[in-house]
Amino acid sequence: MSLTSTHRAIDAVWRIESAKIIATLARMLRDVGLAEELAQDALVTALETWPKSGVPDNPGAWLTAAAKNRALDWLRRRQMLERKHEELGRDLQIQQEIAEANFELDLDDDIGDDLLRLVFTACHPVLSTEARVALTLRLLGGLTTDEIARAFLLPEPTIAQRIVRAKRTLAEAHVPFEVPRADELPARLSSVLEVIYLVFNEGYSATAGEDWMRPALCEEALRLGRILAELTPKEPEVHGLVALMEIQASRAAARVGPTGEPVLLLDQNRARWDQLLIRRGLAALVRAERLTEERGPYVLQAAIAACHARAHTGNQTDWARIAELYAELAERTHSPVVELNRAVAVSMAHGPAAGLELVDALTAEPTLRSYHLLPSVRGDFLKKLGRLDEARAEFERAASLTQNARERKLLLDRAAALAS
């Protein structure tokens, strides 16, 4: 095997196995930052060894064993240092830790438990949202700092600092490497789902840059969501989020035109929608709805996405049902963005005047002041009502607010088309 192909193999194995390895070491060491460092050491060893010896028959097991050995070495070194500076009681505690770690080497442990602990640790509320996203992609996605930086169009040092600070914060706050207690689980799970959905949304509609979509981020979020669904099979909101992402991801090929330009929902060729992803999404939605009588935000959003997925054409869409679902979602979230989406559904079901009335009520909402989709939606309603000059001004304002080059061009083109 050539050096290049060996490195590709190592990269592929690392992407698959890194989260499991880090989770295993974090259980042994109770320190996520240290666990990642030692896992990286094992990766470096593979990069040095495999080109000479060849890729092992079970490369994941090789990496895991190498990383565990490094963790045990670290525990032994700490034992020697502690012996010089601490009392016998502490010495015995370290010995017990080593004994437990050695015992774990021989256990056929459920790696799912470790992964779940790692998910909750990386997404701990003690961290900022930005730090949670970066750390999750680093530890659970196996992405390099450079890859995360490029995905979010940020300088690599910025992402590196976020990750370093996040690991330091977890260590200083003594965040336990564990699944939250039952009374803490809903809030903590909400944080995890928020991170995964933020990653997906950035891939689905990039907030900045030259590309309308970043498919790699969608794929990563979907992968994390599917893992979480396997680890928490009785959580309806987890299945709801997976359903939502599966169905939205099914439209990816139809959302971008031949030159990378955005294609809006009603203009998409639905024959290009991925039916396998739609079936997976609908199945996940069924699982979610069977688990609860009171639908949460992700289950409701998935139900809305399902209405679009079931319609063979835009004209067949059950907009009245979508408007009802958005009304239910608005009651749960009290989100102005949800109200804006409800206005779109109401306009499709009952006419642009009804939608415009709802949008006009949102124009004073402070959180939407810089939200480009507010004037974009309002411009669409005004256009349909024949108020073309007002519509053009709204499209131009929306273009000035967006940071995405593709979206800006789309809005400016819509404004130019209305020029008298």
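When the residues of segment 354-379 are narrowed to those that are charged (D, E, K, R) and free of Cβ contacts under 8 Å to residues at least 24 places away in the same chain, which ends up least open to solvent (accessible area, probe 1.4 Å)?
ARG378
Checked against the criterion of being of a type in the set (Val, Ile, Thr) and part of a helix (DSSP H, G or I), segment 285-299 contains one or more residues that satisfy it. Any chance you could count how many residues in segment 270-309 are among the polar types (S, T, N, Q) and surrounded by fewer than 20 Cβ atoms within 10 Å (Cβ to Cβ)? Residues flagged as among the polar types (S, T, N, Q) and surrounded by fewer than 20 Cβ atoms within 10 Å (Cβ to Cβ) within segment 270-309 amount to 2. Does ARG342 meet the test of being basic (Lys, Arg) and surrounded by fewer than 20 Cβ atoms within 10 Å (Cβ to Cβ)? Answer is no for this residue. Summed over segment 266-275, the residues that are within 22 Å of the chain's Cα centre (by Cα) and at pLDDT below 95 give a count of 0. Those helices (runs of 4 or more DSSP H) of segment 314-365 in which at least 3 residues are in contact with a Pro (Cβ under 9 Å, 6 or more places away or on another chain), considering only elements entirely within it, cover 319-333.
Could we say that LYS384 is surrounded by fewer than 17 Cβ atoms within 10 Å (Cβ to Cβ), of a type in the set (Lys, Arg) and under 18 Å from PRO262 (Cα atoms) here? In short, no.
Out of THR121, THR145, one residue alone is within 19 Å of LEU43 (Cα to Cα), polar (S, T, N, Q) and open to solvent by less than 40 Å² (accessible area, probe 1.4 Å). It is THR145. In summary, ASP57 fulfils each of the numbered conditions (1) open to solvent by 40 Å² or more (accessible area, probe 1.4 Å); (2) in a helix (DSSP H, G or I); (3) over 24 Å from GLU219 (Cα atoms) with the single exception of condition (2). Within segment 380-401, residues that are on the phi < 0 side of the Ramachandran plot have Cβ atoms under 7 Å from residues that are modelled with pLDDT of 95 or more and among the β-branched types (Val, Ile, Thr) in these pairs: PHE381/VAL359, counting only partners at least 6 apart in sequence or on another chain.
For segment 246-269, indicate whether the set of residues that are farther than 26 Å from ARG408 by Cα, open to solvent by 10 Å² or more (accessible area, probe 1.4 Å) and assigned to a helix (DSSP H, G or I) is non-empty. So far as segment 246-269 goes, no, none of its residues is farther than 26 Å from ARG408 by Cα, open to solvent by 10 Å² or more (accessible area, probe 1.4 Å) and assigned to a helix (DSSP H, G or I).
The values are calculated or read from the model by the stated rules, or taken from the named source; none is laboratory data. Computed from a predicted model, the values in this text were never measured in an experiment. For neighbour counting, all protein chains shown are included, and Cβ atoms are generated from backbone atoms with ideal geometry for every residue, glycine included. Each accessible area value is taken on the protein alone, full model and side chains, heavy atoms only, with ligands, DNA and RNA left out. Shrake-Rupley method; radii C 1.70, N 1.55, O 1.52, S 1.80 Å.
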